[in-house]
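Remarks on the structure that follows.
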């Protein structure tokens, strides 16, 4: 059993995002960081995103040759981005005498459902990764991509490298999954918008999922879901220093912590309101089924009580999905599913998130009150167990985030 | 047998080089060309190189992160170049409503011996390509690369896309292999050096191999070797128009054709002369075995008759191999294989090529005579059945090529 010593050591999965590998200099910094950490007792799997500028260049080339670049060939094109960064980090580590190997999704057995541009990971055959780790190598893996049954390259959608990191951590039984990024951890609000935003030492998986789903850019919500299911702690931390960041999951959250952990926002969303929708079973199902088939991600659905057998359905989505929705609206009108549609693309969404929201009366009311006090009109409201979201005018968003954050995290007060 | 109609149609393999796919505009031109040709009765497999500038950028990134970027990770990095061009051409064709699919080396079963940076193709499993062709698709394949037994990406070395094209043409039993490039065909000399160089309608495989090996850039000699073995005619032609280029192989060469088909040259070569080499069996074997292990390609070996039990070995190589050779020279000296080494890097090689050279007396003498007449000193000479090569001073090369070409192809005279 020559592997026994190596294979006893715990595995750490580290994911570095696009800004952390954005240039040759940045990649050398990551190589420094890995070299410094190698004295520790863990075996290391590194997942990389593409350089942001590479992706931009590839998208721009695709737009030059095609009116609507999408599907299989677009995935094959974009997947080159991570292949470039993993090769470069492999070369950089090898140049320092560190044993390292760069693997593509195929080489490390990441199999997906084969849905181009938005694939989901079905399984990971970890044999090659484990054998490379057992040979004492740092294993560097392309994030964002997988391979279908037919050996076609499929990408996991925006932020997909987080999902790769989480899925590998789960499949390998890693001791933790580090999300190394350009912020120091998870904050009570976006620190670039709110100067006194607080960094949390620890939050729950559920809070991370809600925050990520409502606009916080720290990690992909599916990554948190996977780690929650497989009980892998996540550590969101800076790529550029060694300070502790924010731990997600992995043990109890302190009893005395705040009810609200974050004020999050989506600046660029559109609001679609379907008017005069027949109040019959199956209509909403038909509408959202059509949207799902068109690949439109809905961020929020609000259906108010109907009057005179006519309902009103409102939903919020990212601006990029406006075109497919406009196509569908024509259909729905023809088929009598609605008589009028109002599209607003100057709206924003602000949310408060916390696992005790439902059990702590009055938090939602405090949010509505301070918004009203600032003269910010709330267009619609949706709340769930762990989140209260308000749609407001996008030109008031910055002010709204600061005002709501100040209500729950007054300047000078420590949690 | 739903495939019967499709699978009866002959297969044409077209390879486009780096300058033909160097930008989005160029790729659109290739898409135009393919669209115009689709009315014809062949099934089409297109092999692409990387954009030249992409390769340059990748090499420069690799040099930023590593002192000596090479090996496995370098292949993984460079292989992204062709993945980009095949994806883009796929998108461009699909955008015109043409059924097309882009395949990587893995997806089209190109297996190599696993030697990184200089792999050789061992086998091609054509199942996927054939099934895509039978579905009526244009199949676009990444040139230059293959996959090892361990599923590692391996590249075929410089000019490797020609080899991919030839190997696919052989494996698929293609009716011909088109090498589409930025020149119109095979010429009696480089048209950019010799204004009255003649384009040949047809040359033999052997002539093509000798010309390619002695500096003509038209195609990789291994590509011609593969096509010769599998009896696939090659058509070297322009990417930018539809005129006939030069056919290689595929039937008899006209009886009355010229003895000399080309004057070729290598401008940037180095000459190494080992002096006082012991005249014992095994010494030359040892020297060239060491060179082969160091990955040094030798262009020419000249060993003159020995005197006083001491031989003199001269060899010619590309300038890029000077560093590994200098390392070896130290070794050889220590081990008494030689006592002195003269390295000259200001030399060039000029050759005449023709399949009737050996059977036509006086051709070599005519070459030596015109060089002497122009006052150009011949440093050494090597000749084979189909080629006479002379090493001369590099600053006289242009003049030498024009002078020798004028001797065999006088201005105004037609062959």
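The values are calculated or read from the model by the stated rules, or taken from the named source; none is laboratory data. If you're wondering where the values come from, they're calculated on a predicted model, not measured in any experiment. Here Cβ is always computed from backbone atoms with ideal geometry, including for glycine, and neighbour counts include all displayed protein chains.
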Of all residues being part of a helix (DSSP H, G or I) and modelled with pLDDT under 90 in the range A:212-224, which is nearest to residue A:184 (Cα to Cα)? Just the residue, please. A:212
All conditions in (1) under 25 Å from residue A:296 (Cβ atoms); (2) within 12 Å of chain B (Cβ to nearest Cβ) are true of residue A:150 except (1)
Could you tell me whether any residue of the range A:173-192 is in contact with a helix residue (DSSP H, G or I) (Cβ under 6 Å, 6 or more places away or on another chain), surrounded by fewer than 24 Cβ atoms within 10 Å (Cβ to Cβ), away from every other protein chain (no Cβ under 14 Å) and under 19 Å from residue A:230 (Cα atoms)? no
Conditions (1) away from chain A (no Cβ under 13 Å); (2) over 16 Å from residue B:154 (Cβ atoms); (3) touching a strand residue (DSSP E or B) at 6+ places or on another chain (Cβ under 9 Å); (4) surrounded by fewer than 24 Cβ atoms within 10 Å (Cβ to Cβ) -> residue B:98 fails only (1)
Residue A:129 vs. criteria buried (at least 24 other Cβ atoms within 10 Å of the Cβ), in contact with a strand residue (DSSP E or B) (Cβ under 6 Å, 6 or more places away or on another chain) and either touching a residue at least 60 places away in the same chain (Cβ under 8 Å) or facing another protein chain (nearest Cβ under 10 Å) (or both): yes
With the condition kept exactly as written, say whether any residue in the range B:150-169 is buried (at least 24 other Cβ atoms within 10 Å of the Cβ), at pLDDT below 95, in the same structural domain as residue B:118 (by TED's automatic domain parsing) and assigned to a strand (DSSP E or B). no
Could you figure out which of (1) touching a strand residue (DSSP E or B) at 6+ places or on another chain (Cβ under 9 Å); (2) surrounded by fewer than 22 Cβ atoms within 10 Å (Cβ to Cβ) isn't true of residue A:89? (2)
Could you say whether any residue in the range A:108-115 is in contact with a helix residue (DSSP H, G or I) (Cβ under 8 Å, 6 or more places away or on another chain), without any contact (Cβ under 8 Å) to a residue 40 or more places away in the chain and closer than 27 Å to residue B:100 by Cβ? no
Let me confirm something: among A:64, A:73, which residue is within 9 Å of another protein chain (Cβ to nearest Cβ), surrounded by fewer than 21 Cβ atoms within 10 Å (Cβ to Cβ), touching a helix residue (DSSP H, G or I) at 6+ places or on another chain (Cβ under 6 Å) and at pLDDT 95 or above? A:64
Look through A:413, A:335 and report the one residue that is over 30 Å from residue A:290 (Cβ atoms) and modelled with pLDDT under 90. A:413
Out of A:84, A:45, report the one residue that is modelled with pLDDT of 95 or more and at the interface with chain B (Cβ under 9 Å from one of its Cβ atoms). A:84
Looking for something under 30 Å from residue B:328 (Cβ atoms), over 17 Å from the mean Cα position of the chain (by Cα) and in contact (Cβ under 8 Å) with a residue 60 or more places away in the chain - is there at least one such residue anywhere in the range B:179-196? no
Options B:12, B:28: the member that is within 8 Å of another protein chain (Cβ to nearest Cβ) and surrounded by fewer than 22 Cβ atoms within 10 Å (Cβ to Cβ): B:28
Hey, among A:119, A:79, A:105, which residue is under 20 Å from residue B:89 (Cβ atoms), surrounded by 24 or more Cβ atoms within 10 Å (Cβ to Cβ), within 25 Å of the chain's Cα centre (by Cα) and more than 7 Å from chain B (Cβ to nearest Cβ)? A:79
Just name the residue that is farthest from the other protein chains (Cβ to nearest Cβ) out of those in the range A:48-61 that are in contact (Cβ under 8 Å) with a residue 60 or more places away in the chain and outside any strand (DSSP E or B). A:49
Residue A:134 is checked against (1) more than 17 Å from residue A:82 (Cβ to Cβ); (2) within 14 Å of another protein chain (Cβ to nearest Cβ); (3) in contact with a helix residue (DSSP H, G or I) (Cβ under 6 Å, 6 or more places away or on another chain) and fails just one. What number does that condition carry? (2)
